[in-house]
Every structure is written in structure tokens, then in C-alpha cells.
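Chemist: Structure incoming, see below.
Just so it is clear, none of the values below were taken in a lab; they were calculated from the coordinates. Just so it is clear, the model here is predicted, and its values are computed rather than measured. Backbone-built Cβ (ideal geometry, glycine too); neighbour counts: all protein chains shown.
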Amino acid sequence: MKRLSSVCLKEENRWPASLASMMPALGGRLTELWKEGDISAKRGRIAVIHPFLPTGAKRLYFVGLGKKEELTFARLREAFGKLFRTLKQAKRMKASVALDTFTAGDVDGNEAAHALAEAYHLATYEFPGYKQKKSEPDYQLESLIVYTEAEAAEIEASLFVGSVYGKATNSARTLVNTPGNLLTASDLADYAVKLADRYDFDYEILEKEDMERLGMGALLAVNQGSKQPPKLIVLKYQGKDEWKDVIALVGKGVTFDTGGYCLKPRDGMVDMKTDMAGAAAVLGAMEAIGELRPEQNVLAVIPATDNMISGEAFKPDDVITSLSGKTIEVKNTDAEGRLILADAVTYAKQHGASYIIDVATLTGGVIVALGTDKTGAMTNNEALFEQLLEASMETGEFIWRLPITENDRERVRSSKIADLNNSPGREGHAIMGGAFIGEFVEDTPWVHLDIAGTAATKKDGDLGPAGATGVMVRTLTAFVERFE
């Protein structure tokens, strides 16, 4: 998808003279159309009018935004998304936007510009797929001209940020949509290295031999049944003079999950290519960070492997030793995400993490609890969670906090032969996953995000098609940008 470099601002920042000169007469006709119901301010309503006067525009699109006082950034972004999907369906290749007509309520020109650019990329996204013959090329506008009376430099900056958010989200979507046989742990590592080269990140890729030397028994156990080698992917962005106050983004990178010997049923195994959506969210956020260059220190850690079955695969009742030294009794081989994250958060701590945000398609339990439109969150630090919550509200990616109590911790520690039990039971299953990771985070300020329900959708929407959503890319990026 092309960058919004094709978006330009007219020097006078006003509508073309041909259209401006016709507005009085056009305005009268629009009043009639309004009264007749052809144009409506109802939220989500889009009307297409063919001007009866020579305005220079073949069609005028009117977008209903609802009540002025109820307009929000998220609602405006959805409206723009619906507009761009309408333009895509009609195969319109050029468009101009009167940006100032989309400002009201709490939405100013800069927010409207951000929403416009972000919505363009999100709404017109398509996964290219692997069909031998495509009926037509991917859609993209040849030009999108924005007219505004606001300060051009500020609007251009907002367009750029919105474009970065949208493109980075789409990058994550493409990773998640890619089949597991075409996106192995090695492929994911190669992608991360290219990202590092593009944005001048420091990076480290730990191989199986490195993990054995370091004692990453949890990640290695999950990988035992696979012919594909595991990778621990580390990216380092230093936006400050000193490597301190480091934000660690840790993403679960299970490129395909069979469940291991605790085998998933057929229907439960379909779409398990999406089990690396946490890794994709972190990589998408790192792309955005590379573009925006915030004055923060960010460490990305991604444990990558698949979870397969063979004569070498780990089994229920196995006891493994993690990088932290804590021993784990395996009660469920399908509770593998928390195992690889255990070693990953420990490694992040060893490399200076001051704060940890982990993102994972961790449990089906979070879907039972919250549905498919809410990300579950757990934390050990109120201040850190509040900052992340604020970022999620800003980006429209809804998260809901679940508790971790001392009783939950005791259940995770319930093994009679090891320090921890990786699956103490079905009750509060999502919380058990978070509590398990918390045992390795210990006192480091931390938020766990379970995106099992929000990583993919079965329905087309105003901001994208069915499939991967790229959830949490924008929230993580906004959080890093504004972190204090």
C-alpha cells in the first residue's frame, strides 16, 4: 500500500475557485436535497450527489457524522473508513477532502487529519493471498488532496502520523494472515532483521544452541516436537542518551499451534496461524516507532516457535526448568504461550526492562469472559495500566482489566513437584495465564494483554476486511509515544 505522500495541501488551503464560486447556488440546491432526505447527517450515512453546475468535481460525497457534540476521533475514523470503502467499491482513483467540515465537538483539524490518513490505510487493506490469477490489482487512490484553513505544517504532520499508524497496523495484519507453512519462526526472524536494517535498530536473534546454553527450558520444551528451529527475536530502539527507563514489548510468536499432545479439535485448530498475533503487534509497533522516532527506549522481545507433535514433543506431567530457574510442571501442552513468554519476559528483564507489556493470543477463556471485541488486561502496577488504558481509549482499541488475586497466584503455584503449574484448571482460565506470566515478571511494572478474541474478526467492517485486525499496534505505539 502506497504511503500518503500523494496527499497534498493546496497553497491557498481553500477549495478551488471553480467550486467556491458555485457554492451559493449549490448551497441552495443542497438545502432542497437535505429537506428531501437525499443528504443526511445521520451517522454513517453517505450520499453521492452529481453536481448540476460545472464545479470541477464529477461527484460530491456527503458523510453523515451524527450529532456535533457526540463526534469523537473513533467515530470520525469509522466514517472516513466507510467513505474510503465506498470509493474503493466505486473504483474512484482521485478524491479531495474539505477537512474543516469534519471538525466538531472534541475533534480538531489535527485529529481529523490523523483519522483521515489512518482510515484510508485500514479501510482499503487487502491481504494479497496466493491465487494464481487476480482479477484486478490492489486498490489505491492515485491522489487524495486535503483542503484546510488550518496550519499546513501541522496538518501534514498529523496526516503522516495517521498514515504510519495505519500502515503499521496493516503490516501486522499481513503477518497474522500469512499461513504457518509460509511464516515459520525463521521467517519471522528474517522479517524482524529487515525491520531492524530499515530503521537502524540493534538486534539479536538467539538460535536453539544459544537457548540451550542460557537455559531457556520453557521455550525449548514447546519447540521439542517441531522440525522448525525456535528463535528468540530481540530488537532495540534507543531514543534516549542512556539505556534506562526501558519499555519492553513482548509478543507471543507461536506460528502455528496444534495444542501438542493436548491436541486441539479440528475446528479449534483452524486459524491457529493467528497464534503469533502478539508478535505481529509488537513488530507493527516497532515499525511505527521506527518511523516516528519517539524519545523513548524500547526493547522488543519475541519468542518464536510452533507447537507440534512428534516422538520428541513435550508431554503432560513433564517438568521443565525455565530461564529464571523456576521449575514448571506441564499439565497442558496447549497452554504453551505462557511457557515461551516466561522465558521471554525473563530475558527482557536481564536486558534492562524497566516496564513490560506483553501481548498474546493466550487463552480461549478471555473470549468466554469478554467476547471478541474486548482485549483482556492484567497488571501489577496501577500507574502503568492507567497510561496504557489511556492509549487504548485514544486509539479505540478497547481493553478491560481482569484481576489477579493472591488466590490466583496460589493456584499457579499449586504443583506438588515443581515451583509452578502451567494449567491449574478451567476456572478463571484467562486469569491463570496472566498470573503464570506474572510469576516471572515479579516486581517489574507490567501489563499483560490477552488478544485471543480481538486478533482476528470474521466480519468485514468499515476499517478493514475479515481476518487479522492488527489489534494493539496503535495502542502500543500511542503508549510509547506518550509514556511518562
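Chemist: What list of ³J(HN,Hα) values in whole Hz, one per residue of the stretch 261-266 in order, does the Karplus curve 6.51 cos²θ - 1.76 cosθ + 1.60 (θ = phi - 60°) give from phi, with Gly and Pro shown as x?
Modeler: After applying 6.51 cos²θ - 1.76 cosθ + 1.60, I find 5, 8, 4, 5, x, 3 Hz.
Chemist: If the only charges are +1 at each Lys and Arg Cβ and -1 at each Asp and Glu Cβ, what is the size of the charge dipole of the chain around the Cα centre, to the nearest 20 debye? Before the final figure, lay out each step's value.
Modeler: Values: 56 positive and 69 negative charges, 436 e Å.
Dipole of the chain, to the nearest 20 debye: 2100 debye.
Chemist: Another question, if that's okay. For the pair ARG45/ASP271, report the inter-label distance in nm, with labels modelled 7 Å from Cα in the Cβ direction.
Modeler: 3.4 nm
Chemist: I've got another one for you. Using only the Cα atoms of the chain, build the gyration tensor, take square roots of its eigenvalues as a ≥ b ≥ c, and label the shape rounded, prolate or oblate: rounded if a/c is under 1.5, else prolate if a/b is larger than b/c, else oblate.
Modeler: Values: a/c = 2.21, a/b = 2.11, b/c = 1.05.
Cα axes put the chain in the prolate bin.
Chemist: For the chain, take the longest principal axis of its alpha carbons; what is the angle in degrees between that and the long axis of helix 382-395, to the nearest 10 within 0 to 90?
Modeler: 40 degrees
Chemist: Here's something else I'd like to know. Skipping prolines and chain starts, which residues have an amide H placed within reach, meaning under 5 Å, of the one on PHE314, given they are 5 or more residues away or on another chain?
Modeler: Amide H neighbours of PHE314: GLN224, GLY225.
Chemist: Helix 73-89: angle to the longest alpha-carbon principal axis of the chain, degrees 0 to 90, nearest 10?
Modeler: The angle comes out at about 70 degrees.
Chemist: Relative to the longest principal Cα axis of the chain, at what angle does helix 109-123 sit, 0 to 90 degrees, rounded to 10?
Modeler: On a 0 to 90 degree scale, this one is about 70.
Chemist: Can you work out the Karplus-derived ³J(HN,Hα) for every residue in the stretch 330-344? Use 6.51 cos²θ - 1.76 cosθ + 1.60 with θ = phi - 60°, whole Hz, and x for glycine or proline.
Modeler: 7, 9, 8, 6, 8, 9, 8, x, 5, 5, 5, 5, 4, 5, 5
Chemist: Hey, with R₀ at 45 Å, roughly what FRET efficiency would SER414 and SER354 work out to, going by the Cβ-Cβ distance, to 0.05? Don't skip to the answer; put the middle values down first.
Modeler: Details: r = 31 Å, r/R0 = 0.69.
With R0 = 45 Å, the Cβ-Cβ based efficiency is 0.90.
Chemist: Here's something else I'd like to know. Any idea how far apart LYS264 and GLU149 come out in nm if each label point goes 7 Å out from Cα toward Cβ?
Modeler: According to this spin-label approximation, the distance is 5.5 nm.
Chemist: Collect residues whose amide H, placed 1.01 Å from N in the peptide plane, falls under 5 Å from the amide H of GLY105; neighbours closer than 5 in sequence don't count.
Modeler: Those qualifying (amide H under 5 Å, at least 5 residues apart or on another chain) number zero.
Chemist: Can you give the FRET efficiency to the nearest 0.05 for LYS68 and ASN407, using r as the Cβ-Cβ distance and R₀ = 35 Å? Before the final figure, lay out each step's value.
Modeler: On the way: r = 49 Å, r/R0 = 1.39.
Calculated transfer efficiency: 0.10.
Chemist: For a test of the definition: using alpha carbon positions, the gyration tensor, and the 1.5 limit on a/c, classify the stretch 187-302 as rounded, prolate or oblate. Numbers along the way, then the final one.
Modeler: Working: a/c = 2.49, a/b = 1.72, b/c = 1.45.
Since a/c reaches 1.5 and a/b is larger than b/c, the shape of the stretch 187-302 is classed as prolate.
Chemist: In terms of the Cα gyration tensor, with a ≥ b ≥ c the square roots of its eigenvalues, is the stretch 333-484 rounded because a/c is under 1.5, prolate because a/b exceeds b/c, or oblate? Can you show the working numbers first?
Modeler: Numbers: a/c = 1.95, a/b = 1.31, b/c = 1.49.
Cα axes put the stretch 333-484 in the oblate bin.
Chemist: Using only alpha carbon pairs under 8 Å that are at least six residues apart, calculate the relative contact order of the chain and give it in whole percent.
Modeler: Values: 1035 pairs, mean separation 74.1, N = 484.
Once normalised by length, the contact order is 15 percent.
Chemist: I would also like to ask the following. May I ask you to derive the FRET efficiency for LYS240 and TYR203 from their Cβ-Cβ distance with R0 = 22 Å, giving the value to the nearest 0.05?
Modeler: Details: r = 18 Å, r/R0 = 0.84.
With a Förster radius of 22 Å, E is 0.75.
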